[in-house]
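Presented below is the structure to which this report refers.
The values are calculated or read from the model by the stated rules, or taken from the named source; none is laboratory data. This one's a predicted model, so the numbers in the text were calculated from it and none came from an experiment. A quick note on method: Cβ atoms are made from the backbone with ideal geometry, for glycine too, and the neighbour counts reach across all protein chains shown.
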């Protein structure tokens, strides 16, 4: 996702979870966004999106899989919020 493999930490990902990481990336590409006072921000992935992705890809997502994807999404949204906060602080100086 824009970083060299070494910097992105891809070597540290458990091989058993690779399919969930790839599923998350695909779902994230189709995520919804909403306008906010400080710009457009990504919205959390919805169960309906996960269900549609699984159906369209003929893939079964177990409850544990959904929990992992939700956690990845939480980390993604936090990283976006942190980046926005840092950018806002640097612009207000």
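Here is how the numbers come out for the structure above:
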| read-out | value |
| --- | --- |
| Yes/no for residue 84 being modelled with pLDDT under 95, in a helix (DSSP H, G or I) and surrounded by 10 or more Cβ atoms within 10 Å (Cβ to Cβ) | yes |
| Selected residue (criterion: surrounded by the fewest Cβ atoms within 10 Å (Cβ to Cβ)) from residues of region 27-65 that are touching a strand residue (DSSP E or B) at 6+ places or on another chain (Cβ under 9 Å) and assigned to a loop (DSSP other than H, G, I, E, B) | 32 |
| Qualifying residue in region 68-77 (condition: surrounded by 11 or more Cβ atoms within 10 Å (Cβ to Cβ), free of Cβ contacts under 8 Å to residues at least 24 places away in the same chain, more than 10 Å from the chain's Cα centre (by Cα) and not in a loop (DSSP other than H, G, I, E, B)) | no |
